[in-house]
Each structure stands twice: as structure tokens, then as C-alpha cells.
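A.B. asks: Got a structure for you, written out below as C-alpha cells; questions coming shortly.
The values are calculated or read from the model by the stated rules, or taken from the named source; none is laboratory data. Since the model is a prediction, treat every value here as computed from it, not as a measurement. Neighbour counts are summed over all protein chains in view; Cβ atoms, including those assigned to glycine, are modelled from backbone coordinates with ideal geometry.
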Amino acid sequence: MDTASWYAMLLKPSWAPAAWLFGPVWTVLYVIMAASFGTVFYKFFKKEIPARVALPFALNIVFNVAYSPIQFGLQNNLLAALDILLVLGTLVWGMVAIWRLAPRSFSGVGWVALANIPYLLWVSFATVLQLTITYLNF
């Protein structure tokens, strides 16, 4: 069964957004991530921030990239639910780590935590959505 047909057949909550919305939202979020995560990795490679601060951002990318192949390639809701929890967890971890490094600072790296608030809000929503879809289709 192709991906679109499989996803269309899943039971979804009434508040699930239309499928067309995901592309534009993720496009904006990937621009934010490229700028903010890129800054984290640049400063890490310049030895301006420690590995413990860069690690959650690296893990977040791994879990984020893994989500679509798990959800749509493997068509595995349960594993996708676990993965999205890891995306959310590593994002929160990274935001807290960078904020502690440069609290309330718009210069340096403190802006990275603030810039990722839209990503945090979307991933929080997407996590609840994925958990609900997993529950409804278990």
C-alpha cells in the first residue's frame, strides 16, 4: 500500500490538521533549525561551547530525520510515537542546555533557545497527534 493511501486510512482525531499543512510548516521550521542548529555546531567546532550542549541538537537531527522513514516507510505508528518523543525530549534538552549557557542573551547563543520556540510548539503538537493516532490505530 502506498504511503498516501496508508496514512489516509488511519483513524485520526477530529483536530488533526490537513495533510497539506505539514510541508509548509516543516519548511519554515527547517529554516529556523538550519540557522540555530548551525550556530550551535559552528560554535562547538570552534570550541566555544562544550559537547554536552551540542549533543542534544545532534541527536535531535538524527531522531527528526528518522521519523518519516519510520512513520511512512515502515508504517509503524508505535515506533514513530517513540521517535517523536525522542525528538521532543532532545529539543527540550538542547533548549535548556543552550539557555543555561547564555541566559537571556540575544547575542552569543541564547537566541538559539528563543528561535526554537516555534519548533517546540509544533513538535509538542505533533507528539500529541502521533500519540493519539497510535492509540486510535493500535
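A.B. asks: With Phe37, Phe22, Phe57 as the choices, which residue is within 14 Å of the chain's Cα centre (by Cα) and modelled with pLDDT under 95?
C.D. replies: Matching residue, one of Phe37, Phe22, Phe57: Phe22.
A.B. asks: What tally of residues in segment 74-108 results from selecting those that are closer than 19 Å to Ala19 by Cα and either at pLDDT below 95 or of a type in the set (S, T, N, Q) (or both)?
C.D. replies: Counting residues in segment 74-108 that are closer than 19 Å to Ala19 by Cα and either at pLDDT below 95 or of a type in the set (S, T, N, Q) (or both) gives 3.
A.B. asks: Mind listing whichever residues of segment 24-62 are free of Cβ contacts under 8 Å to residues at least 12 places away in the same chain and small (Gly, Ala, Ser)?
C.D. replies: Ala34, Gly38, Ala51
A.B. asks: Is it the case, given these coordinates, that Lys12 is of a type in the set (Lys, Arg), surrounded by fewer than 12 Cβ atoms within 10 Å (Cβ to Cβ) and not in a helix (DSSP H, G or I)?
C.D. replies: Spelling it out, it is not the case that Lys12 is of a type in the set (Lys, Arg), surrounded by fewer than 12 Cβ atoms within 10 Å (Cβ to Cβ) and not in a helix (DSSP H, G or I).
A.B. asks: Please find, within segment 24-35, the residue that is farthest from Ala126 (Cα to Cα) out of those that are surrounded by 12 or more Cβ atoms within 10 Å (Cβ to Cβ) and either among the aromatic types (Phe, Trp, Tyr) or out of contact with any Pro (no Cβ under 8 Å at 6 or more places or on another chain) (or both).
C.D. replies: Step by step, filter segment 24-35, then rank; the result is Ala35.
A.B. asks: Right, Trp6: over 19 Å from the mean Cα position of the chain (by Cα), assigned to a loop (DSSP other than H, G, I, E, B) and either more than 19 Å from Asn116 (Cβ to Cβ) or of a type in the set (Lys, Arg) (or both) or not?
C.D. replies: no
A.B. asks: Among (1) surrounded by fewer than 14 Cβ atoms within 10 Å (Cβ to Cβ); (2) more than 17 Å from the chain's Cα centre (by Cα), there is one condition Gln75 misses while meeting the rest; what is its number?
C.D. replies: Checking Gln75 against (1) surrounded by fewer than 14 Cβ atoms within 10 Å (Cβ to Cβ); (2) more than 17 Å from the chain's Cα centre (by Cα), the one that fails is (1).
A.B. asks: Being without any contact (Cβ under 8 Å) to a residue 60 or more places away in the chain, among the aromatic types (Phe, Trp, Tyr) and over 16 Å from Tyr67 (Cβ atoms) is the filter here, so list the residues in segment 83-138 that pass it.
C.D. replies: Those that are without any contact (Cβ under 8 Å) to a residue 60 or more places away in the chain, among the aromatic types (Phe, Trp, Tyr) and over 16 Å from Tyr67 (Cβ atoms): Trp93, Trp99, Phe106, Tyr135.
A.B. asks: Quick one: is Leu21 in contact (Cβ under 8 Å) with a residue 40 or more places away in the chain, loosely packed, with under 14 Cβ neighbours inside 10 Å and under 22 Å from Phe125 (Cα atoms)?
C.D. replies: In short, no.
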